[in-house]
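Let me begin by presenting the structure, written as structure tokens, before commenting on it.
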């Protein structure tokens, strides 16, 4: 009887120690959550969402590398305690499992946002009827390749473009953003070779983006034959005769694309010379210029720059778009008044100062816009 009583007392003491340990583990978990919240609140308060890409990199490393490693360390520590102290083994095993599960989830999320979505290329398909063209034209809008180094993703992108057989390719800026040891000199010939693999019958037209201004980028030094088959329009225009209607294209320079009032000077000059019967397209790197075009007789506006936010949250949308346009304009095709606007989420990801490609609920994309003759109404 005395032995049974002793066993019972031992079991009660063991349960008390186990319960205390589990409560301590729960409090530790709450402290970790509060610390994570505080660290991220500090990043936001310092201007991460303005955006500040240095802070974005720090937040990425903290949440998807330092934090899961810390959780693994805690899990191992708790596991050792559970092995050496049988009285808390059950609670220790539960907490160890929870921390390892959370760490595995964060490592998996890191892999997904860095390796899966940035490599996934979504084709968006739009059909737009117009009375200005008597036969279909397949217009492909791509933007922000922004490659840190030409590799499989870019090759896959151009293979898909070839398969689409577009009649006209329009690129709205940000060709390269080399990450060391890659340089502009090492990567530009590779990218130009990929553009040369395309053969749209009406050509490839482009405008300058932000990365063309970054240190070490020599894009502006290239002229004429060095750019072929690209036709770069920097506050310049081009007219394409399809034989069944004309397409008139205005390309804005980077500054004008970001400053609507200044953009209007170029747009109004171009419209004065353009025939209203032509299908009018304005393309600029940033979409801000479109804020002033809503009442103008323009058929289509194209832009990139926002990357769709790259990171989008359910029911909220993009965390940051680096533009003054409404959030809903940061990605996709829509009517904004008289013109239609397509803002590409980009065929690549921001690689500023070696930033890893980061995308969540916002995969890379390109948009095929089929311009179709207006159907008669009977």
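Of the residues in region 73-86, not one is surrounded by 14 or more Cβ atoms within 10 Å (Cβ to Cβ) and under 26 Å from the mean Cα position of the chain (by Cα). Before we move on, is residue 200 out of contact with any helix residue (DSSP H, G or I) (no Cβ under 7 Å at 6 or more places or on another chain) and assigned to a helix (DSSP H, G or I)? Considered against the rule, which asks whether it is out of contact with any helix residue (DSSP H, G or I) (no Cβ under 7 Å at 6 or more places or on another chain) and assigned to a helix (DSSP H, G or I), residue 200 comes out as no. Each residue in region 311-320 was checked for being part of a strand (DSSP E or B) and without any contact (Cβ under 8 Å) to a residue 40 or more places away in the chain, and 1 of them qualify. Among the residues in region 245-254, are any free of Cβ contacts under 8 Å to residues at least 40 places away in the same chain, within 30 Å of residue 294 (Cβ to Cβ) and buried (at least 18 other Cβ atoms within 10 Å of the Cβ)? Yes; the residues of region 245-254 include at least one that is free of Cβ contacts under 8 Å to residues at least 40 places away in the same chain, within 30 Å of residue 294 (Cβ to Cβ) and buried (at least 18 other Cβ atoms within 10 Å of the Cβ). The set of residues in region 285-301 that are surrounded by 24 or more Cβ atoms within 10 Å (Cβ to Cβ) and either within 17 Å of residue 326 (Cβ to Cβ) or modelled with pLDDT under 95 (or both) comprises 286, 287, 289, 290, 301. Considering 47, 25, the condition of being assigned to a loop (DSSP other than H, G, I, E, B), at pLDDT below 95 and touching a helix residue (DSSP H, G or I) at 6+ places or on another chain (Cβ under 9 Å) is satisfied by 47 alone. In this structure, is residue 272 free of Cβ contacts under 8 Å to residues at least 40 places away in the same chain, farther than 19 Å from residue 304 by Cα and surrounded by fewer than 18 Cβ atoms within 10 Å (Cβ to Cβ)? In short, yes. Which residues, counting only those in region 55-72, are more than 28 Å from the chain's Cα centre (by Cα) and farther than 17 Å from residue 27 by Cα? Across region 55-72, the qualifying residue is only 72. Filtering region 127-147 to residues that are part of a loop (DSSP other than H, G, I, E, B), surrounded by 17 or more Cβ atoms within 10 Å (Cβ to Cβ) and in contact with a strand residue (DSSP E or B) (Cβ under 8 Å, 6 or more places away or on another chain) leaves 132, 133, 143, 145, 146.
Taken as a whole, the structure leaves residue 239 outside the set of residues that are buried (at least 18 other Cβ atoms within 10 Å of the Cβ) and in contact with a strand residue (DSSP E or B) (Cβ under 9 Å, 6 or more places away or on another chain).
Contact annotation: residue pairs with Cβ atoms under 7 Å, 6 or more positions apart or on different chains, pairing a residue in region 219-238 that is closer than 16 Å to residue 196 by Cα with a partner that is loosely packed, with under 14 Cβ neighbours inside 10 Å, are 229/196.
The values are calculated or read from the model by the stated rules, or taken from the named source; none is laboratory data. Quick caveat: nothing in here was measured; it's all calculated off a predicted structure. Quick reminder, even Gly has a Cβ in these numbers, built from the backbone with ideal geometry, and neighbours come from all protein chains shown.
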